[in-house]
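For reference, the structure is listed below as structure tokens.
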Amino acid sequence: MEAEIPLTEDTFRALARSSPWRFSALHFTWRTRDEGDVECWLRRPGWLRVRDADGDRVEKGEAPVFDPEPVLRADGLVESRSRAYTHDIDDPMWNNYLFVSMLDPEELSADVALSDLRSQERAGRETWWARAVPGDEYEPRCGCCPLLWSWVSDRYEYGDGDPGWQPSPGTVYPEAYDVALDVATGVVVQLTPVGGSRPDLGFETTIHVAELSVVSV
């Protein structure tokens, strides 16, 4: 059995990097304000079944490329890896890359300020929470659908990185996000914006069954 890992900023970031190596299959429900409940069955590598309001459909992705292999810590979490946007280890996408980043939230591990760390059960599963604020160098998996929608993500997506770029009038970004990671899998199970003009950004993920594949050192 994997030893209990203490929650710190360092271990939260490491967990956010670790999902591709922590489970092989997942049955879960993803709930968003726009789409409602979507039931999903994911099997790695490259297979996803989705049941939404229109019925079932199957998505298949390319075989993932684990190159280079991650550097693991003594506690089994990932110390370092290639950034998610630089190589192809993505799970199949449903609708947009927010879904992919929910399953592999590597973008939360760098250039994101974390505070209010806490560990508590959610739906009977150990869960780590943090309040997250994207920094000036925050780089999402996809700029048009980041986990942490912000001036920084929009500047890179729509302003070509220009420091003087300004958003459309009336745009109000969240001041922070409350983020919860399922400890066993590293998946984002809750994301809630704090303030801002887009409450639709939040989502919840309920994990029903997970087949774990914890990598040992």
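Could you tell me what percent of the accessible area of the chain is made up of carbon and sulfur, with a 1.4 Å probe and every protein chain present?
With neighbouring chains kept in place, the figure for the chain is 48 percent.
How much length is gained on full extension from residue 96 to residue 47, taking 0.36 nm per residue of separation minus their Cα-Cα distance?
This chain segment gains 16.0 nm when fully extended.
Remind me, relative contact order of the chain in percent, using alpha carbon pairs under 8 angstrom and six or more residues apart?
Relative CO of the chain lands at 25 percent.
So with the 1.4 Å probe, I'd like the accessible area per residue for the chain, rounded to whole Å².
47
Going toward the positive end of the dipole of the chain, with +1 on Lys and Arg Cβ and -1 on Asp and Glu Cβ, which of 80, 108, 55 do you reach last?
Going by the charge dipole, the pick is 55.
Given a cut-off of under 8 Å on Cα pairs at least six residues apart, what relative contact order in percent is computed for the range 1-98?
Relative CO of the range 1-98 lands at 22 percent.
May I ask you to list the GluC sites (Glu not before Pro) in the range 98-175 that are in a DSSP loop and have at most 15 other Cβ atoms within 10 Å of their Cβ?
Qualifying residues, ordered by number: 137, 175.
Count the net charge of all other residues whose Cβ sits under 12 Å from the Cβ of residue 14, scoring Lys and Arg as +1 and Asp and Glu as -1.
Local charge sum for residue 14: 0.
To the nearest 20 debye, what is the magnitude of the charge dipole of the range 78-212 about its Cα centre, counting +1 on the Cβ of each Lys and Arg and -1 on the Cβ of each Asp and Glu?
My answer is approximately 320 debye.
Order the peptides 191-197, 54-60 from the highest to the lowest mean number of other Cβ atoms within 10 Å of their residues.
191-197, 54-60
Name the most mobile residue of 53, 16, 130, meaning the one with the largest mean-square fluctuation, in a Gaussian network model of the chain with Cα contacts below 10 Å.
Greatest mean-square fluctuation among the candidates belongs to 53.
On a C-alpha basis, how far is the centre of the range 48-102 from the centre of the range 104-145 in Å? Whole number, if you could?
16
Given Cβ point charges of +1 (Lys, Arg) and -1 (Asp, Glu) and nothing else, what value in debye, to the nearest 20, does the dipole of the range 29-85 about its Cα centre take?
It works out to roughly 120 debye.
Using helices alone, what [θ] at 222 nm do you get for the chain, with -39,500 (n - 2.57) per DSSP H run of 4 or more residues, divided over all residues and rounded to the nearest 500?
Per the formula, -3000 deg cm²/dmol.
So, counting K/R as plus one and D/E as minus one, what does the shell of residues with Cβ under 14 Å around residue 198 add up to?
-3
Grab every C-alpha pair in the range 124-176, bin the distances at 5 angstrom width from 0 up to the longest one, and report whole percents.
Taking all Cα pairs of the range 124-176, the binned fractions are 4, 19, 26, 23, 12, 7, 4, 3, 2, 0 percent.
Rounded to the nearest angstrom and ordered from largest down, what semi-axes does the equivalent ellipsoid of the chain get from its C-alpha gyration tensor (root of 5λ)?
25, 21, 18
Positive end of the dipole of the chain, charges at C-beta (+1 Lys, Arg; -1 Asp, Glu), about the Cα centre: which of 144, 208, 191 has its Cα farthest in that direction?
208
The values are calculated or read from the model by the stated rules, or taken from the named source; none is laboratory data. Everything numeric here is computed off the predicted structure, so don't read it as measured data. Counting neighbours? That spans all protein chains shown, and the Cβs are built from the backbone with ideal geometry, glycine included. Surface accessibility is based on the protein's heavy atoms, side chains included, excluding ligands, DNA and RNA. Shrake-Rupley method; radii C 1.70, N 1.55, O 1.52, S 1.80 Å.
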